[in-house]
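Below you'll find the structure, written out as structure tokens, and then a few comments.
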Amino acid sequence: MGSSPTASRSSSNNCIRQPNASGQASQADDHGNTTMTVGEDQMSAEEVEAPQEGMGAVKATVEDRDDDGYRPPLPPRPNLSKTPERPTTPGGLNTSHRRPSLLSKPTTAVSSIDIQTLSFPDGSRGTFSTPASRSVSESAALDTPGSMTPKGKHSQNGSEGDDTTSLMSYAPTMKGTGDLASLLNDDINAQSPAWRLLSSKADTVNPFEAIDYENTSLLNFENEFNEIAPVDSKGGNEEELLTQFKAKYKHYLCLSSAGKPIYSRHGDQNLINGYIGIIQTLISFYEGSKDPLHGFTAGGTRFVIFIAGPLYFVAISRLGESDAQLRSQLEALYMQILSTLTLPTLTHLFSNRPNTDLRRPLEGTETLLSSLADTFTKGSPSALLSALECLKLRKSQRYVINNTLLKARTEKLLYGLIVAGGRLVSVVRPKRHSLHPSDLQLIFNMLFEAGGVKAGGGENWIPLCLPGFNNRGYLYMYVSFLSAYDDGQDGEERPSTPGSSAREDEIAVLLISAEKESFYELKQMRDDVVSQLEKNGSMDIIKAAVRQGRPSTADIVPGTQLRHFLYKSRANVQYTMPSFNPYFNGLLPQRRLMNLYNNLHAQIHAKHSHLKVLHSVSRDSVSLAWSTPLFEFYCVAGPNASRASIAHGANKVIQWVKREEERVFIIGGAVF
Amino acid sequence: MAARGPGSRAGNSRFAQFKLVLLGESAVGKSSLVLRFVKDQFDDYRESTIGAAFLTQTISLDDSTTVKFEIWDTAGQERYKSLAPMYYRNANCAVVVYDITQASSLDKAKAWVKELQRQANENIIIALAGNKLDLVTEQPDKRAIPAADAEAYAREAGLLFFETSAKTSENVKELFTAIAKKLPLDQAGPRNPRSGPRAGVDLRPEAPGTQGAGACSC
């Protein structure tokens, strides 16, 4: 455990725990920060801030008791299934909950935690703590009596401790640990040697590796993006098309409140007209009674409705996404429409003629809506987390790139960005304006997901409205692409060959201005920037970083059982993740992974849930979600991974992010 | 003179640079024509152009004459209409494209021609291109606009005329070459090097009929 996060954080006073030596762990408590049991009534403030060291400590406890052989070994599965009863069972874990001052017993670390097991629709189960009772690890409490007092005091004054502790320092790290600790320790403890032997062999099983023949949840997902042919005039093929239509996992519909179809991801007008009529009737009925319809379920299909002025948006999903997630997808479609028309134009169209056919004004942007919709259907971490991903670069390298942009800046520039395959390399912006992630999502969708702009093969001048910035007017965006694999100078032509390289390899320079006549000025700036970047070597650095791709989890934490993770930094509204390779390559594995993340995300973000840590076990994977004021973290491992190993891996990843923070995220950015 | 196609004679060779704009209804194949001309490529399925794309292509008319086109490929949708003057304002030449299988697209093309003749550079050279010739070669009954009709209109309006196919590349090169030949190479001034397309801009007299708002020389 020497390498545990705790040790490395020595500057914060009580962070140092010697997990192995349970007797010494007490030092921490003298400062009253770690805590033990917290009564049911006090809570969130404390464990909201759960963090790294916590995990280390957790692991520690686990091992301690392992060595002690204190508890009789039990097979893990039954144990897990009992979890829900724990809080009510006398004795056992619950005792500690009643006796916060429990001292000398290095028993099960903790807890006044209420644990519930939740079954997801797909058959997986998740264990989580309820908001009602929060706990903190006792792991640090297996110690000297002296430490008790401060702890006791702390537990009675949960908020006091928080007021005095800095968010960034030890405080968050130490607290909330309990959640993880309590969740993660006993199960492992309970494994018989035989079980351990068995599972150590099976540790190498990857998520979703075992083929589950009963699981038909994503059957034929490969066909999801196939186009449905138009209904032929004689209607002869309608039945067949309807079958295809119904086989889709996901539909997005947009219609006007007057019932005119505006957009449908699948099927042509003849196919969807009937449905549009039905859905319009349903929505209008509820609208009429001033009780708007938000969503409903039919069989395994969830319908979610989002109403924006004169527009009705409907998402129909069999992928198990939450209402909030679907609604945010619909909002993104609405933003795309605004981006084409601006809000005043849209309002004007409908106030003049309520039965306006919006398809005409939106002509040509269907592909943008569809690529946005498909991004959601494929599963996009960026959309899920409402955050951006950055290209990993050294801080000094990014600094040089930022400065190059700043130096070449022209008068008319509003935002300048360099983007590599949907990952942000550098941004310059005016001091007063930040860039809204939802706006960037629209831009990235247009440039990297939809093929239209890239396929044009030239430089582009695109009028667009960025609703997050200002939904009332247009901005003008200069775009030119460079390929990461294109090392030669291409002189005056700077275009990509259509379709020749994947989106991941495309580097784009985006210069945004409020001035519609500033194309040549921004083009000049682009030329200056690119030649300067080439001169100072930054271009090669960017290209190399793009070619290198994302690191794999094994590169980040050697030997870890984690197979993938998402880490979102809340403050920076950015996320980082490892490569999908080699475990989640391809459409289907990626969708399964995203289903899992969607579930975790939905649980963590459920209304009124104060859920901070979620450990979810299913037949084909084990996953963990962890939410703190600083970050959201989601990870997944194979079905046989132990909680301890997941916790350990998660801990390591978070340490890695901390260490690489200024590389994986753009902090501050360049401002003028 | 209006031509902002600065040309130069170094020894024997002439070089001139001209601004060309493509206009026409959406989905008639403007981008496909440009892509064929600039990169000699063709995609069966193309997404609509968003905004406008800027490309360049250089052609040799003969051993000693090189013409560089700076091409504005505009989006055909109605909502981009108000931006069009920005693209044709200083253009030396324009290609107005219609789809020979869509009758309405020629009407739209005529409207563009009218607008160009009224608002653009008075010496602008306009070519009318009836695209998707390949469709008609395969199925003659698909043709909606007889070549003779369009040609008669072109003659009357003083336009160059070609029926083209971006798919088979038929007449594409010919179209642009014919435009290049018609451009006033000889009056061109010294070449203005890279520094800018902007720098050597012409500055045609502000004729009374020109776009009010668009008159700025951005």
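The values are calculated or read from the model by the stated rules, or taken from the named source; none is laboratory data. A quick note: this is a predicted structure, and the numbers were derived from the prediction, not measured. All Cβ positions, even for glycine, are placed from backbone atoms using ideal geometry, and neighbour counts span all protein chains on display. For the accessible areas, the whole protein counts, side chains as well, though only heavy atoms, and no ligand, DNA or RNA atoms are used. Shrake-Rupley method; radii C 1.70, N 1.55, O 1.52, S 1.80 Å.
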Inside the stretch A:632-668, the number of residues satisfying the requirement of being closer than 26 Å to residue A:428 by Cβ and open to solvent by 30 Å² or more (accessible area, probe 1.4 Å) is 5
Within the stretch B:86-106, does at least one residue satisfy the condition of being out of contact with any helix residue (DSSP H, G or I) (no Cβ under 9 Å at 6 or more places or on another chain) and closer than 18 Å to residue A:523 by Cα? yes
When you look at residue A:297, is it within 14 Å of chain B (Cβ to nearest Cβ) and of a type in the set (S, T, N, Q), yes or no? no
Over the stretch A:307-323, the set of residues out of contact with any strand residue (DSSP E or B) (no Cβ under 9 Å at 6 or more places or on another chain) and open to solvent by 50 Å² or more (accessible area, probe 1.4 Å) is A:309
In the stretch B:144-163, the residues that are aromatic (Phe, Trp, Tyr) and in a helix (DSSP H, G or I): B:153
Just wondering, is there one or more residues in the stretch A:275-285 that are among the hydroxyl-bearing types (Ser, Thr, Tyr) and over 30 Å from residue A:221 (Cβ atoms)? yes
Qualifying residues in the stretch A:333-373 (those that are of a type in the set (Lys, Arg) and within 12 Å of chain B (Cβ to nearest Cβ)) - the one most open to solvent (accessible area, probe 1.4 Å): A:360
Return only the number of the condition from (1) open to solvent by 20 Å² or more (accessible area, probe 1.4 Å); (2) more than 14 Å from chain B (Cβ to nearest Cβ); (3) in a loop (DSSP other than H, G, I, E, B) that residue A:547 does not satisfy. (3)
Given the conditions (1) touching a helix residue (DSSP H, G or I) at 6+ places or on another chain (Cβ under 8 Å); (2) surrounded by fewer than 22 Cβ atoms within 10 Å (Cβ to Cβ); (3) touching a residue at least 24 places away in the same chain (Cβ under 8 Å), and given that residue B:46 satisfies all but one, which numbered condition is not satisfied? (3)
For the subset of the stretch A:398-442 comprising residues that are of a type in the set (Val, Ile, Thr) and surrounded by fewer than 23 Cβ atoms within 10 Å (Cβ to Cβ), which member is nearest to the other protein chains (Cβ to nearest Cβ)? A:410
Please state which of the following conditions residue A:512 fails to meet, knowing it meets all the rest: (1) more than 27 Å from residue A:580 (Cα to Cα); (2) part of a helix (DSSP H, G or I); (3) within 33 Å of the chain's Cα centre (by Cα). (2)
If you take just the strands (runs of 3 or more DSSP E) that sit entirely in the stretch B:37-143, which of them hold at least 2 residues that are within 14 Å of another protein chain (Cβ to nearest Cβ), within 26 Å of residue A:479 (Cβ to Cβ) and within 14 Å of the chain's Cα centre (by Cα)? B:52-62, B:65-74
